[in-house]
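J.: Mind having a look at this structure? Questions to follow.
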Amino acid sequence: MTDYLSALVSADVSHLPLSRPVHFTEDQQQRKFGVEGIWSRHVALTGYRFDILDVRAGIAASLVKVQIDGKPALLALRLITHGGRIAGVESILVHSRAEGMLFNVDAIGTLSPAMAFTPPPAQRNSRRQMIAIASRYPRGLQLGSFVKSDVPFAPQAYRFENGMLMAGPHCTFLPGCEHIKTQHIPTLSKLVYRIAAVDEQQGVVLIRMDFGPGSVFPAPGRPQGLSLSVFEAFKVYGGQIHAVEAFMKTKPADQPLGWN
């Protein structure tokens, strides 16, 4: 991941260990690796980077705050490796509130204490348990209730999306949002999701989601027929979800996430 981000800054892939051709997507669209999309822009790093390392699956993922042509942006990416070489890259790049619905990049400066915490071995759940616990969250969205899916949130659990506190203690976005489990949420019956990475040591499950129709509310100047493309990270240990942090971007509702 470090080498990959350095290559983005230098716009030079020659020193990367690659398994060619590299399957590269940005915003659900296939691009020419090393040439198109973010590779055609001037990229600078800002110091914020949240890595999710799935050693067993050979996947390195990260939520990164970057500068694109001098302006702040949010980059979520997942590197798929085979034999120590990068074989695929899945990514989204959020430049503005218009693209992300929410966009408070000034609040994204350092990794949160909750996500930086390394659970001691006695508190770690198995890989299968972590996936089962985190998966209750998207199922709750499908049902329109985290109570119905019985998501096991810790008492201080929160949700941070594109730099905005959307649930948990001190949330003021909407009435009731300070209680993450009982807060009002839309029913997203068409939501689809898949497990993108599991960091067994750090207790993080990354889930890739398409929220589906109804996830983007109509607004003046906003196109119709949109849904949300999301990389959502769940801090899981001790049988509970302690934090949820996500980067997300609008997309056409009929556009698949790919990478099935």
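The values are calculated or read from the model by the stated rules, or taken from the named source; none is laboratory data. Fair warning: this is a prediction, and the values are worked out from it, not measured in the lab. Positions of Cβ are backbone-derived with ideal geometry, glycine not excepted, and every protein chain shown enters the neighbour counts.
J.: Take residue 206 and tell me if it is within 17 Å of the chain's Cα centre (by Cα) and either at pLDDT below 95 or part of a loop (DSSP other than H, G, I, E, B) (or both).
T.: Considered against the rule, which asks whether it is within 17 Å of the chain's Cα centre (by Cα) and either at pLDDT below 95 or part of a loop (DSSP other than H, G, I, E, B) (or both), residue 206 comes out as no.
J.: Only one residue in 163, 140 is in contact (Cβ under 8 Å) with a residue 24 or more places away in the chain, assigned by TED's automatic domain parsing to the domain that holds residue 235 and under 30 Å from residue 42 (Cα atoms), so which one is that?
T.: Step by step, each of 163, 140 is checked, and only 163 is in contact (Cβ under 8 Å) with a residue 24 or more places away in the chain, assigned by TED's automatic domain parsing to the domain that holds residue 235 and under 30 Å from residue 42 (Cα atoms).
J.: Now for a different question. Looking for something closer than 22 Å to residue 226 by Cβ, among the basic types (Lys, Arg) and touching a strand residue (DSSP E or B) at 6+ places or on another chain (Cβ under 9 Å) - is there at least one such residue anywhere in the range 158-168?
T.: Yes, the conditions are met somewhere in the range 158-168.
J.: Suppose we filter 89, 13 for residues that are crowded, with 17+ Cβ neighbours inside 10 Å, modelled with pLDDT of 95 or more, farther than 22 Å from residue 205 by Cα and not charged (D, E, K, R); which single one remains?
T.: Criteria check complete, one pass: 13.
Table: residues versus (1) surrounded by fewer than 23 Cβ atoms within 10 Å (Cβ to Cβ); (2) assigned by TED's automatic domain parsing to the domain that holds residue 121; (3) modelled with pLDDT of 95 or more; (4) closer than 13 Å to residue 138 by Cβ.
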| position | (1), (2), (3), (4) |
| --- | --- |
| 194 | yes, yes, yes, yes |
| 217 | yes, yes, no, no |
| 220 | yes, yes, no, no |
| 225 | yes, yes, no, no |
| 229 | no, yes, yes, no |
| 241 | no, yes, yes, yes |
| 245 | no, yes, yes, no |
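J.: Among the residues of the range 94-111, is any of a type in the set (A, V, I, L, M), part of a strand (DSSP E or B) and closer than 24 Å to residue 217 by Cα?
T.: Looking through the range 94-111, at least one residue is of a type in the set (A, V, I, L, M), part of a strand (DSSP E or B) and closer than 24 Å to residue 217 by Cα.
J.: In the range 35-59, how many residues are among the small types (Gly, Ala, Ser) and either in a strand (DSSP E or B) or within 19 Å of residue 94 (Cα to Cα) (or both)?
T.: Qualifying residue count for the region: 4.
J.: Looking at 208, 222, which is the one that is farther than 20 Å from residue 78 by Cα and basic (Lys, Arg)?
T.: Checking each option against the conditions leaves just 222.
J.: Which of the residues spanning the range 200-223 are touching a residue at least 40 places away in the same chain (Cβ under 8 Å) and within 26 Å of residue 115 (Cβ to Cβ)?
T.: If the condition is that a residue be touching a residue at least 40 places away in the same chain (Cβ under 8 Å) and within 26 Å of residue 115 (Cβ to Cβ), then 200, 201, 202, 203, 204, 205, 206, 207, 208, 209, 210, 211 are the ones that fit.
J.: Now a separate question. Tell me which of these residue 250 doesn't satisfy, since it passes every other one: (1) touching a residue at least 60 places away in the same chain (Cβ under 8 Å); (2) crowded, with 16+ Cβ neighbours inside 10 Å; (3) in a loop (DSSP other than H, G, I, E, B).
T.: (3)
J.: Within the range 128-151, restricting attention to residues that are touching a Lys or Arg at 6+ places or on another chain (Cβ under 7 Å) and not aromatic (Phe, Trp, Tyr), which residue is nearest to residue 199 (Cα to Cα)?
T.: Here the answer is 151.
J.: Restricting to the range 156-180, give me the number of residues that are touching a His at 6+ places or on another chain (Cβ under 9 Å), in a loop (DSSP other than H, G, I, E, B) and among the hydrophobic types (A, V, I, L, M, F, W, C).
T.: Residues meeting the conditions: 4.
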